[in-house]
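The structure appears right after this line, and notes come after that.
The values are calculated or read from the model by the stated rules, or taken from the named source; none is laboratory data. Since this is a predicted model, take the numbers as computed values, not measurements. Reconstructed Cβ throughout: ideal geometry from the backbone, glycine too, with neighbour counts over all protein chains shown. Heavy atoms of the whole protein, side chains included, go into the accessibility calculation; ligands, DNA and RNA do not. Shrake-Rupley method; radii C 1.70, N 1.55, O 1.52, S 1.80 Å.
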Amino acid sequence: MNNIRFARTTLPAAAAATLSLTTLTLLSPPPAYAQSSPNKTDIASVKKSIASLIEDDAERRGDGTSLTGTFVRLAWHCAGTYSKVDNSGGSNGARMRFDPEASWGANAGLDVARKALEGVKEKYPEVSYADLYTLAGVVAVEEAGYVVLGPKIPFRLGREDAASGETSPKECGLPDADKGSRKNTIQHVRDVFYRMGFNDREIVALLGAHALGRCHEDRSGYWGPWTFAENTFSNEYFRLLIEERWSPKISHNGKPWNGPDQFEDSTGKLMMLPSDLALIQDPAFKKVVELYAKNEEAFFKDFASAFSKLLELGVSFPSTKAWYQFW
């Protein structure tokens, strides 16, 4: 039995002559700062509230956009700072609420997602921000299927909230969209994901999240959605990568394009980043892209596994077993 300590005590002489006794005492684990209470939380109810938030917000917008992609990006960026070298970063702490992470350019616009979730936090105060932000990404994916729901993402509560950003990584560490050349961009993608402990197949699966959402000029400088169904989780991203012809974007709304280098399809309505095209420019990556373009079931299965892994990097979940001490 784990976490058991034995100690022997001697009863007073008036009670008995040097009689030893072992007693059993149930202890509670030491409290963590703002940690979720998995045993006290109805996670299904929390997920339902997040799903309703996404749906209601989309109806208010009425323009075909939603919080779906933003919530996935929020979860991704909370977790994508992890380094297996020193076990730093990761979703634990929800440190994006504080500087330096709140001010990183890669996190521009994510304050919208964090503010949107405040109502859910008020309804379920026992859920940590770290759990809430990552769960929002899970719900976004699961609810974004077309004919059927999106992939089911394994998820558990237990992340803690930090009191400040003091333990944030000193540098951002999130993937950049472009490193100036094809070779450098491909290597950068691998460096970032290998640092977290992912392999090539997992890298391609995770980047398939670009099926959701779009880029905004006022946030990243890039413009446009990756697919024509930006609120639907599917393998369309991979099909488009393979089947479309992607050309450098040179104009936008009838004017010269002055933003960072990106690529567009024949309609000019869809976009790909240099880091997206890296997936078909590298032979090992391309094999996985081709697989996912033909087999959505394989993509869903791999994404669910890789995304769940991403969200748990660096998290020490509380034991579900009772702590005992013998006296």
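Binning the alpha carbon pair distances of the range 169-304 at 5 angstrom intervals from zero yields the distribution 2, 10, 20, 23, 22, 14, 6, 2, 0, expressed in whole percent. Overall, the accessible surface of the range 124-171 at a probe of 1.4 angstrom is composed of carbon and sulfur to the extent of 55 percent.
Note that the range 178-234 presents 43 Å² accessible area per residue, ligands and nucleic acids not counted, probe 1.4 Å.
For the range 128-180, trypsin sites (Lys or Arg not before Pro) are listed when DSSP marks them as loop and at most 14 other Cβ atoms sit within 10 Å of their Cβ; the list is LYS152, LYS170. Heavy-atom accessible surface of GLU55, to the nearest 10 Å², is about 110 Å², with a 1.4 Å probe and all protein chains retained. Size check on the range 104-179: the Cα extents along the three principal axes, sorted descending, read 41, 38, 23 Å.
Relative to its residue count, the range 79-143 spans a Cα convex hull of 105 Å³ per residue.
Solvent-accessible surface of the range 243-327, taken per residue with a 1.4 Å probe and all protein chains present: 54 Å².
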